[in-house]
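The values are calculated or read from the model by the stated rules, or taken from the named source; none is laboratory data. These numbers were taken from a predicted model, which means no experiment stands behind them. Note: ideal-geometry Cβ built from the backbone for every residue, glycine included; neighbour counts use all protein chains shown. Side chains are part of the model used for accessible areas, which takes the heavy atoms of the whole protein and leaves out ligands, DNA and RNA. Shrake-Rupley method; radii C 1.70, N 1.55, O 1.52, S 1.80 Å.
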Amino acid sequence: MSRRAAQTGALNIGQGFPDYPIDPDLAACATRAMQEGRNQYAPMEGVMELREAIAAKLRDTQGVGVDPVNEITLTCGGTEALFSAIQAFVSSGENVVVFDPAYDAYEPAVRLAGGQCRRIPLAPPDFRIDWRRVAGTIDDRTRLVILNNPHNPACTIATREDLEQLAQLLRPRDCRVLADEVYEHVVFDGRQHVSVLAHPELRERSLAVFSFGKTLHVTGWRVGYCVASAALTHEFRKVHQFNTFSIVAPLQHGIAAYLQHRPSSWQDLSGFFQRKRDLLRNALQGTGFVLPAAQGTYFQLLDYSALSREADVDFADRLIRAAGLATIPLSPFYRDRPQLMLLRLCIAKQDATLLDAAERLQTFAVAA
Ligand code: PMP
């Protein structure tokens, strides 16, 4: 969709990336790191000052102690952390539980490791996990359960009860949790993100994945990290070392310096995105489009079923051609594509972009 948006000049509100400038102070920190000569290989595990800043952030947000030496590894975006974790813990003939709709990086990494995904569909509108079904899916060859929380593209967040259910299910098993928590700081309406790291039992069997791309609005910097117990990190690093070895040094130094100036820079993220979510929701009121509740992430689903019964892929195609608006249909996030009338919109956009998108949708709805 992004390629088509670029080719046709359509407004792109589909793919998840901000279209507004970053904090000039962050840019200055990164530039300074380059000017100061921080341009050679970083340590394989990541720059120590940044690992210390991450440990401090986890202490503040989740109340958990993490050892920056043995439990934190900087990666090339959250994507590399997911990939390296899957290669480290999944072997040929083993399987991984994935909840659909699922972020598209999971399945190829599992297949490359020789494994198979067991995909459990979650149904709109609330996309809740049926834990009995999960219990019936996990077997002796299940090595990972991938839990994306807050969830892209469902825009839901897992409850403490969900984490409890997961912990109970895994108690007798040799199975780990790969927790994709890249949207940790984007939770709405006073909700709290509860990390697997804050659950004492899950802490021991989980690898949690985060991304500065989301937290600092810099998706192109490709700086993410994986947090796990020393034993799991030891295995994780065996892959990371020969996958990317180490990641972009000046940006790690730049982020570390920035977090020192602004240790609470991430604190207003929920408010920032909640205002954008509400701007879009208000602008689309009365248009015939329905916006299901969004609990977190920087996405918002759009239900067009009152306007058309077309499949979502076809509707998105018509929208880009007729309204010049690129969105993402939801059904391709499932292995067995259900009949859905839902599109995903990204709210990490300037207010003017969101209002322009709303206007295009409204004009389209009137013509429909
Ligand atoms: N997980 C999810 C659910 C995501 O939405 C994304 C980014 N779109 C990632 C992981 C990857 O993050 P990064 O850009 O840091 O690789």
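Worth pointing out:
- Elements of the type helices (runs of 4 or more DSSP H) sitting completely within the range 207-262 and holding at least 1 residues that are within 14 Å of the ligand (Cβ to nearest atom) and among the acidic types (Asp, Glu): there are none.
- Every test in (1) within 23 Å of Val186 (Cβ to Cβ); (2) not in a helix (DSSP H, G or I) is passed by Leu307 save one, and that test is (1).
- Screening Gln252, Gln285, Gln274 for residues that are open to solvent by 10 Å² or more (accessible area, probe 1.4 Å) and either under 15 Å from Thr297 (Cα atoms) or assigned by TED's automatic domain parsing to the domain that holds Leu58 (or both) leaves exactly one candidate, Gln274.
- Listed by first and then second residue, the pairs with beta-carbon distance under 6 Å, at least 6 apart or on different chains, first residue in the range 14-37 and closer than 30 Å to Asp312 by Cα, second part of a helix (DSSP H, G or I) and away from the ligand (no atom under 16 Å from the Cβ), are Asp19/Thr353.
- Filter result for Val64 (in contact with a Lys or Arg (Cβ under 8 Å, 6 or more places away or on another chain), crowded, with 20+ Cβ neighbours inside 10 Å and over 30 Å from Phe315 (Cβ atoms)): no
- Checked against the criteria, Val186 does not count as outside the structural domain of Phe333 (by TED's automatic domain parsing), within 16 Å of the ligand (Cβ to nearest atom) and either farther than 20 Å from Ala293 by Cα or surrounded by fewer than 24 Cβ atoms within 10 Å (Cβ to Cβ) (or both).
- Verdict on Gln295 being within 16 Å of the ligand (Cβ to nearest atom), open to solvent by 10 Å² or more (accessible area, probe 1.4 Å) and not assigned by TED's automatic domain parsing to the domain that holds Val47: yes
- Cross-chain or 6+ apart pairs with Cβ under 6 Å, the range 89-109 first and small (Gly, Ala, Ser), then open to solvent by less than 10 Å² (accessible area, probe 1.4 Å): Ala105/Leu82; Ala109/Ile86
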